[in-house]
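**Q** Below is a structure I'd like to ask you about.
The values are calculated or read from the model by the stated rules, or taken from the named source; none is laboratory data. These numbers come from a predicted model, not from an experiment. Because the Cβ atoms are built from the backbone with ideal geometry, glycine has one as well, and the counts that use them run over all protein chains shown. Only protein heavy atoms, including side chains, enter the accessible area calculation; ligands, DNA and RNA are left aside. Shrake-Rupley method; radii C 1.70, N 1.55, O 1.52, S 1.80 Å.
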Amino acid sequence: TLESRLGGLAYYDTDLGITWLSDANYAKTSGYDADGLMNWGDANAWAASLTVGGVGDWRLPTTLQPDTTCDGQSGGNGYGFGCTGSEMGHLFYTELGGTTGSSITTNHNSNFDLFTNIQSSHYWSGTEFAPIPEDNEWYFYFGGGYQNAGPKSQNLFAWAVHSGDVGAQVPEPGTLALMGLGLMGLL
């Protein structure tokens with residue numbers, strides 16, 4: 001289930017316990033990058049620098065390995081179609097109703113409309129490809145539901161996610177103090 005957070009700026013995935021930014025190309029729409037395409041290092045830096053609705057600590061989605069849900073298996077790595085063990089694979093297949101081999105922009109369920117700017121393209125994962133971590137990183141292809149690894153130097157899209165429920169954020173002590181003063185003034 002996806003639940004609205006931050007006034008619709010994000011959606012909490014109750015299955016995985018993570019919160020997705022509702023804008024799937026926020027790097028572009030926020031003005032951080034001209035088209036939203038970045039190499040892996042820049043994508044990680046972008047996600048780490050985000051503050052949305054007063055919430056920081058964003059990251060790139062993770063890719064579970066080994067992922068036995070994938071149709072391809074080699075050397076302890078899961079790749080190909082049907083990979084629902086990764087955060088993006090779960091979003092594509094389970095939450096958005098994506099279909100193997102079809103773009104998410106054409107085949108999806110009503111949850112698709114909760115998000116904006118979903119690209120029928122490749123999105124970076126924050127998980128390095130263990131056999132060659134210095135050069136390769138996992139990615140997910142929203143143009144057909146495919147998971148694979150590729151060079152960190154490529155320019156792909158980035159979709160920010162936050163561990164946990166941002167709707168359950170604990171207020172900072174300064175915020176609590178102001179609320180307390182306001183209540184005292186009201187009394």
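**Q** So what's the angle, to the nearest 10 degrees on a 0 to 90 scale, between helix 40-49 and the longest Cα principal axis of the chain?
**A** 10 degrees
**Q** Have a look at the chain and give its Rg and Dmax from the Cα atoms, expressed in angstrom.
**A** Considering the chain through its Cα atoms, Rg and Dmax are 17.9, 67 Å.
**Q** Something else: Applying 1/(1 + (r/R0)^6) with R0 = 22 Å to the Cβ-Cβ distance of residue 107 and residue 14, what FRET efficiency is obtained, to the nearest 0.05?
**A** Once the sixth-power term is evaluated, E becomes 0.40.
**Q** Per residue, how much accessible area does the chain have with a 1.4 Å probe, in Å²?
**A** Result: 46 Å² of accessible area for each residue.
**Q** Here's a follow-up. Specify the angular offset, from 0 to 90 degrees and rounded to the nearest 10, of the alpha carbon long axis of helix 173-186 from the longest principal axis of the alpha carbons in the chain.
**A** Taking the Cα atoms of the chain, the angle to 173-186 is about 40 degrees.
**Q** Summarise the accessible area of the range 1-76 (1.4 Å probe, protein heavy atoms) by the percent that is carbon and sulfur.
**A** 48 percent
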